[in-house]
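Data first, discussion second: the structure below is written as structure tokens.
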Amino acid sequence: MQRVGVVGWPVEHSRSPVIFGHWFAVHGIDARYERIAVAPDEAAAFFADLASSPYTGVNVTMPYKALAAESVSADPVATRLGVANTIWRDGDGLSGSSSDGSGFIASLDDQAPDWRGAVGPAVIVGAGGASVAVADALVAEGCRVLVANRTADKAEAVAARAGAEAIALDALPDALSEASLLVNATSLGMDGTTLSVDPRPLPAGTTVADLIYNPLETPLLAAARARGLVPVDGLGMLLFQATTGFERWFGVKPKVDRDLRR
Ligand code: ATR
């Protein structure tokens, strides 16, 4: 039996074992996906020994994505972002990538295929780790990307890393009035909190994506839906980013089918 898993601290809440378990069954693969809890004082040794461990490959979550990128041969995306969430065997060594951005793009293609006809800029609100991955991926797709954040310095840092432009929060209504895509990359929308972005200036046909997946229908997505805009939920990104590891480790691109959305 092959062993893969997610390395983090803590990892108890990871949904990945369920996602991968589904794909193991669909593809008849004899493998186990483990939650690998590694304490901070053991993390450097864990990654140093990973190539000689029994694992076929691992995903990496908080707080080790940056350490993972330093510990393996980072691909261009992981190098640009300075983080890796997917590690696989490559000859005698290990390689790593960050699949959040490609997962986001795949989720857009799945839930809002017309987004590719967009002409206006993509506006991202929020400037954490998820924001920079999404900004980088959208820039790679040829989009003009604007980043706004409560803490302006962090928007500047994301923009600089991803090749996007930082804008002030008070410039947001004007930016939204010409946007083709709005992305909520803040943590607002979880547990009843609301994102203080007013979607009313958005043009008809705009795609509105939330990276939050709990709840699936955030206040922002509900407002977008009520206005006839195109909502994209955050569960899609979670599911599609996982396909990268599966394909690297088992050589098959798994499908994000309806059963995974239950
Ligand atoms: P992740 O790694 O998932 O992207 P994160 O790094 O914790 O998450 O980033 C959370 C984002 O939500 C940040 O952009 C944060 O804004 P600050 O950079 O100003 O902290 C944003 N955020 C969280 N709470 C917020 C609030 N009450 N109002 C506005 N933005 C908020």
Exercise. What do you get when you divide the Cα radius of gyration of the stretch 97-164 by 2.2 N^0.38 Å, with N the number of residues?
Worked result: 1.06
For this session: For S99, list long-range residues whose amide hydrogen, built 1.01 Å from N in the peptide plane, is under 5 Å from its own amide hydrogen.
Result: N85, T86
Exercise. In percent, what relative contact order does the chain have, based on Cα pairs under 8 Å that are 6 or more apart in sequence?
Worked result: 15
For this session: Could you run the Karplus curve 6.51 cos²θ - 1.76 cosθ + 1.60 with θ = phi - 60° over the stretch 65-82 and give me ³J(HN,Hα) per residue in whole Hz, x for Gly and Pro?
Result: 5, 6, 4, 4, 5, 6, 8, 10, 7, 7, 6, x, 5, 5, 5, 4, 7, x
Exercise. So for the chain, what are the equivalent ellipsoid semi-axes in whole Å, largest first, each being the square root of 5 times an eigenvalue of the Cα gyration tensor?
Worked result: 32, 20, 16
Seminar exercise, completed: From DSSP H assignment alone, runs of 4+ in the chain each adding -39500 (n - 2.57), the sum over residues rounded to the nearest 500 puts [θ] at 222 nm at -10500 deg cm²/dmol
Seminar exercise, completed: Sorted by chain and then number, the residues having a modelled amide H within less than 5 Å of the amide H of L94, at least 5 places away or on another chain, are S73
Seminar exercise, completed: So for R0 = 41 Å, FRET eff. of A152-R15 from the Cβ-Cβ r, to 0.05, ends up at 0.80
For this session: Set the Förster distance to 30 Å, then compute FRET efficiency between A140 and V252 from the Cβ-Cβ distance, nearest 0.05.
Result: 0.75
Exercise. Given H placed on each backbone N at 1.01 Å, which residues far from V11 in sequence or on other chains put an amide H within less than 5 Å of it?
Worked result: none
Problem set entry | Counting all C-alpha pairs of the stretch 125-262, share separated by more than 20 Å (%) | 49
Seminar exercise, completed: The rounded separation in angstrom of the Cα centers of the stretch 143-181 and the stretch 39-73 is 32
For this session: Order the peptides 102-110, 19-27 from the highest to the lowest mean number of other Cβ atoms within 10 Å of their residues.
Result: 102-110, 19-27
Seminar exercise, completed: In Å, the C-alpha Rg and Dmax of the stretch 2-98 are 12.9, 38
Exercise. In nm, to one decimal, how far is the D198 label point from the D170 one, both placed 7 Å along Cα→Cβ?
Worked result: 1.5
Exercise. Suppose R0 equals 51 Å; then what is the FRET efficiency for A222 and S52 from their Cβ-Cβ distance, rounded to the nearest 0.05?
Worked result: 0.55
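Since every read-out is calculated from the coordinates, none of them should be taken as a lab result. Note that this is a predicted model, so its numbers are computed, not measured. Every residue, glycine among them, receives a Cβ derived from its backbone with ideal geometry; neighbour counts consider all protein chains shown.
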